[in-house]
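Participant: Got a structure for you, questions after.
The values are calculated or read from the model by the stated rules, or taken from the named source; none is laboratory data. Quick caveat, the model's predicted, so the values are computed rather than measured. Positions of Cβ are generated from backbone atoms using ideal geometry, with glycine treated the same way; all protein chains shown enter the neighbour counts. Ligands, DNA and RNA are excluded from the accessible area calculation, which covers all protein heavy atoms including side chains. Shrake-Rupley method; radii C 1.70, N 1.55, O 1.52, S 1.80 Å.
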Protein chains: 2
Amino acid sequence: MTNFRAVAIDYAHLNHQRFLDALKEFVSIPSVSTDPERSNDMLEAAQWVADRLRDLDCLNVQLFPTAGYPVVYGELMKAGPAAKTILVYGHYDVQPAEPLELWESDAFEPEVRGDNLYGRGASDMKGQVMATLAAVEAVSHNGGMPVNLKFLIEGEEEIGSPNLEEFLEAHKDMLSCDFAINPDTGMLAADLPTITYALRGLAYFELRVYGPSHDLHSGLYGGVVHNPAQVLCDLISGMHDSQGRVTLPGFYDNVRPIDQDEREELSRLPTTDAFYREETGVPVLWGEVGYTPVERVGARPTLEVNGLYSGFTGEGSKTVLPAWAMAKISCRLVPDQNPDVVYRQLKAYLENHAPETVRYEVKQLVNGPASISDRQSDAVQTVIKALETVWGKRPAFRREGGSVPVVAHFQTYLGIETANFGFALPGDNAHGPNEKLHLPTWQRGIDALVHFFFNIGE
Amino acid sequence: MTNFRAVAIDYAHLNHQRFLDALKEFVSIPSVSTDPERSNDMLEAAQWVADRLRDLDCLNVQLFPTAGYPVVYGELMKAGPAAKTILVYGHYDVQPAEPLELWESDAFEPEVRGDNLYGRGASDMKGQVMATLAAVEAVSHNGGMPVNLKFLIEGEEEIGSPNLEEFLEAHKDMLSCDFAINPDTGMLAADLPTITYALRGLAYFELRVYGPSHDLHSGLYGGVVHNPAQVLCDLISGMHDSQGRVTLPGFYDNVRPIDQDEREELSRLPTTDAFYREETGVPVLWGEVGYTPVERVGARPTLEVNGLYSGFTGEGSKTVLPAWAMAKISCRLVPDQNPDVVYRQLKAYLENHAPETVRYEVKQLVNGPASISDRQSDAVQTVIKALETVWGKRPAFRREGGSVPVVAHFQTYLGIETANFGFALPGDNAHGPNEKLHLPTWQRGIDALVHFFFNIGE
């Protein structure tokens, strides 16, 4: 009897270069969803994914229009009605590549250097999408797929999936399945396969403070006009207390505490103080007093300044008293915080603290809830086995600091659990310059997905 | 006997359009000293001034090289050794025009709309330089100049005149004179001629705060890394106390107090709370407790944020935890503060307050002392008379918030007093978009300069 599993693994290895070439093609499409000038590239990326699904003999391949960018959908249902059906989630959009000058090679001309492929989206998450497509090809072209698959590859994950809920609501029947897999999460280390059972939510805001009606000469007016850049700094500075806690009123009211069992499990992870210092290059860590680094990143909410802008920022000096100042501010949320409630908390903070000398505006740009999954589910157990086969060790369980609101949305709209396991590494620079994908880990990820599909079918 | 004074005034009025055309030509040269890409325009502006001095029959017209942009010099010494000699100061450089999108007409395509000429430098100070040239032409072409003139028109005023002291030191003999006039100051209102007897100094800094070695994903690292944009905001926020006072250690130690007489004189100026609110469009003024607006702008030091930059500042959202953050910060200084001492005070503040989680750098970009002049000097008395003749009222005396370090330098290197009187108006938007020159006031300014030259010669 043919060992289809071994044949499929061999096939995946023999075709490594072809899969890598396909990934390079995918990465070379600058599908930056936040940039309106990239809308043609976005459609090209969606079409690219649809073409690959057709190559896999998927049926019902479509680009479903939304109010924003289309959702790519396709079905591979050859395993028959008795077999399980899995929803494969992914996204074809990427973060902006700026600042471009910090890239060692062009962000959208993917380049292999050493063991890594460099390019925007190589890790987050075009590499992960391609790993799934490669594993499906390896399995289905060598004995047939033992499980039914539905693919949902969206184009707005990096801008907070603003149209996904409506899509899920409208296509509940089409999307019905046993559970979902989402490879948009990472591993704790190249030798430590990881299952992410909790994800933080995101509430992203833009705050603008307006002072004088126009830029002023800082000599002629300095001393009588409240500088809006200074006010913005005062407001931001007040958003944390001396214990590293966020001061928005009621911010911690709905935060689910971590129990002692979970604290002990998290304490066994290798993401120590030293790990984070090495990854980030900072001399000393910082954060909320009373929690370990892994707890602060996974199980506690935060507030970050993502951008600041005011006045003159060029070379040299300009003695302007600026008319306005802007900050991008975002909160990572944990169960059971609600992004809309946090928006109201931010507005309440501003009402309490903004001086009468200025005017301000705050806009909500992204809005995604946190999620936490059942570690005992069938889906998760099947993943554990596949990861153990490839890496030879039991995977780590962790809460991740990043946000994949789709996991909460799948619970809400489709009533399904999601197994979150992807093959990105901590040093991949997702969202930063010189984003990369570690190719040996990527290959192991393809192997693990092959095993996962066979495990499900058994 | 010919009334040369009346003839010169008529000449100035008859040639208004020609003088205005010359000014438009001057304004159309984008001589932005802080922008290295404008260096050819800077030389063109210097050459333009030198050509005008030659048109006036000046001798010894030269572009004196410096480590930066040249000083334009010329002499008109026909009044003979018994007559007084006056040094006419000006600058041919301008501030950057950015943000360009806020200009209603191109910053470097000067346009007359209504009573005003719009363009970068129209008011600060190409218009003032041109007024002086026009007055000299009107007087010297109609009976001869009753006073000797030396022109010193520099190209680095807007970047803090970094090479002027060396030039003054090296050319003391050439520059010897009775006193200087400097039209690089303004009037309190179109119907209120103004003499500025004190000017604030300037100490301009760039502060950079460095956190992680590269931009991070705010989800994966938010909670363990001290955000440098947040630290920058904390540091800036701490630079003022709740009374609007600057907290740099020792900042007020050398500030010369204002005595009761001067407070009373300043209280008579029309620059009231309502005036500043109208000029700036802010609902409520702000500033150091215990001082009136006119005192805060003229006689008290300040600290302003001139620019802020960090992370992602484009459209939409990017969930970056930025690697660094930058602020442009400047202090306006009063007698007897020293800009180098203030630099040390800023460094001491940062040493006391910067957390160990980040690294920072602070650079001193501009460095100019404050100055205060003798209100009883001959020079000032002659100006009073000229302004009274044209406006029919005694001029106001004020301290100005802006910085003209050259006045202090003239005291130090040449041992001379400077009469500071120019014809810019509060609403001219010097340094902001839509800078303009009020042409009826400009014409009166030319008349006043004509009278001033005759007064000196009497």
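Participant: What residue, of A:V383, A:V362, is open to solvent by less than 70 Å² (accessible area, probe 1.4 Å) and within 27 Å of A:K328 (Cβ to Cβ)? Reasoning before the result, please.
Facilitator: Values: A:V383 fails: within 27 Å of A:K328 (Cβ to Cβ).
Every option except A:V362 fails the conditions.
Participant: For the stretch B:160-203, give me the residue count where each residue is aliphatic (A, V, I, L, M) and at pLDDT below 90. Spell out the reasoning first.
Facilitator: Within the stretch B:160-203, the subset aliphatic (A, V, I, L, M) is B:164, B:168, B:170, B:174-175, B:180-181, B:187-190, B:192, B:195, B:198-199, B:202-203.
Okay, now just the ones that are also at pLDDT below 90, so B:188, B:198-199.
Counting residues in the stretch B:160-203 that are aliphatic (A, V, I, L, M) and at pLDDT below 90 gives 3.
Participant: Something else: Of the conditions (1) more than 30 Å from B:L76 (Cα to Cα); (2) open to solvent by less than 10 Å² (accessible area, probe 1.4 Å), B:D253 fails just one. Which one is it?
Facilitator: Condition (2) is where B:D253 drops out.
Participant: Then there is this: Residue by residue through the stretch A:208-228, note down the ones that are hydroxyl-bearing (S, T, Y), outside any loop (DSSP other than H, G, I, E, B) and facing chain B (nearest Cβ under 7 Å). Don't jump to the end; show me each part of the working.
Facilitator: Of all residues in the stretch A:208-228, those hydroxyl-bearing (S, T, Y) come to A:210, A:213, A:218, A:221.
Filter once more, so that each one left must be outside any loop (DSSP other than H, G, I, E, B): A:210, A:218, A:221.
Within the stretch A:208-228, A:S218, A:Y221 qualify.
Participant: So, B:P283, is that one in a loop (DSSP other than H, G, I, E, B) and within 11 Å of chain A (Cβ to nearest Cβ) or not? It would help to see each step written out before you state the result.
Facilitator: Details: in a loop (DSSP other than H, G, I, E, B): yes; within 11 Å of chain A (Cβ to nearest Cβ): yes.
Yes.
Participant: Taking A:Y349 as meeting all but one of (1) surrounded by fewer than 22 Cβ atoms within 10 Å (Cβ to Cβ); (2) of a type outside the set (A, V, I, L, M, F, W, C); (3) within 11 Å of chain B (Cβ to nearest Cβ); (4) in contact with a helix residue (DSSP H, G or I) (Cβ under 9 Å, 6 or more places away or on another chain), write down the number of the exception.
Facilitator: Unmet condition: (3).
Participant: Conditions first: (1) on the phi > 0 side of the Ramachandran plot; (2) open to solvent by less than 20 Å² (accessible area, probe 1.4 Å). B:L87 passes all but one, so which condition is the exception?
Facilitator: Answer for B:L87: the failing condition is (1).
Participant: Please enumerate the residues belonging to the stretch B:299-338 that are closer than 26 Å to A:G281 by Cβ and in a loop (DSSP other than H, G, I, E, B).
Facilitator: Result: B:F312, B:T313, B:G314, B:S317, B:K318, B:T319, B:P322, B:A323.
Participant: Only one of these is within 14 Å of chain A (Cβ to nearest Cβ), surrounded by fewer than 18 Cβ atoms within 10 Å (Cβ to Cβ) and either in a helix (DSSP H, G or I) or without any contact (Cβ under 8 Å) to a residue 60 or more places away in the chain (or both): B:V294, B:V289, B:V341. Name it.
Facilitator: Values: B:V294 fails: surrounded by fewer than 18 Cβ atoms within 10 Å (Cβ to Cβ); B:V341 fails: within 14 Å of chain A (Cβ to nearest Cβ).
The conditions single out B:V289.
Participant: Just give me the residues in the stretch B:12-47 being outside any loop (DSSP other than H, G, I, E, B), over 20 Å from B:E109 (Cα atoms) and in contact (Cβ under 8 Å) with a residue 60 or more places away in the chain, in sequence order. Steps first, please.
Facilitator: At the first step, the residues of the stretch B:12-47 found to be outside any loop (DSSP other than H, G, I, E, B) are B:12-14, B:16-27, B:32, B:36-47.
Remaining after also requiring over 20 Å from B:E109 (Cα atoms): B:12-14, B:36.
Residues satisfying the conditions are B:A12, B:H13.
Participant: Okay, next question. Of all residues in the stretch A:187-207 being within 11 Å of another protein chain (Cβ to nearest Cβ) and open to solvent by 10 Å² or more (accessible area, probe 1.4 Å), which is nearest to B:P99 (Cα to Cα)?
Facilitator: Restricting to residues being within 11 Å of another protein chain (Cβ to nearest Cβ) and open to solvent by 10 Å² or more (accessible area, probe 1.4 Å), the top hit is A:E206.
Participant: While we're here: Check A:L248, A:L235 and return the single one that is touching a His at 6+ places or on another chain (Cβ under 9 Å) and under 29 Å from B:S237 (Cα atoms). If you could, list the steps in order and put the result at the bottom.
Facilitator: Values: A:L248 fails: touching a His at 6+ places or on another chain (Cβ under 9 Å).
Step by step, each of A:L248, A:L235 is checked, and only A:L235 is touching a His at 6+ places or on another chain (Cβ under 9 Å) and under 29 Å from B:S237 (Cα atoms).
Participant: Something else: Considering only the stretch A:82-99, state which residues are more than 11 Å from every other protein chain (Cβ to nearest Cβ), in contact (Cβ under 8 Å) with a residue 24 or more places away in the chain and over 13 Å from the mean Cα position of the chain (by Cα).
Facilitator: A:A83, A:K84, A:T85, A:I86, A:L87, A:V88
Participant: Which of (1) open to solvent by 20 Å² or more (accessible area, probe 1.4 Å); (2) closer than 30 Å to B:E98 by Cβ does B:Q411 not meet, given it meets every other one?
Facilitator: The failed condition is (2).
Participant: Looking only at the stretch B:100-138, how many residues end up being more than 14 Å from chain A (Cβ to nearest Cβ), under 21 Å from the mean Cα position of the chain (by Cα) and more than 22 Å from B:L14 (Cα to Cα)?
Facilitator: Total meeting the criteria: 2.
Participant: Here are some residues: B:L303, B:L387. Which one is over 30 Å from A:Q95 (Cα atoms), touching a helix residue (DSSP H, G or I) at 6+ places or on another chain (Cβ under 7 Å) and at pLDDT 95 or above? Lay out the reasoning, then the answer.
Facilitator: On the way: B:L303 fails: touching a helix residue (DSSP H, G or I) at 6+ places or on another chain (Cβ under 7 Å).
B:L387 is the lone residue from the list that is over 30 Å from A:Q95 (Cα atoms), touching a helix residue (DSSP H, G or I) at 6+ places or on another chain (Cβ under 7 Å) and at pLDDT 95 or above.
Participant: Consider B:A50 carefully, then state whether it is more than 19 Å from B:G119 (Cα to Cα), more than 14 Å from every other protein chain (Cβ to nearest Cβ), modelled with pLDDT of 95 or more and part of a loop (DSSP other than H, G, I, E, B). If you could, list the steps in order and put the result at the bottom.
Facilitator: Numbers: more than 19 Å from B:G119 (Cα to Cα): yes; more than 14 Å from every other protein chain (Cβ to nearest Cβ): yes; modelled with pLDDT of 95 or more: yes; part of a loop (DSSP other than H, G, I, E, B): no.
The answer is no for B:A50.
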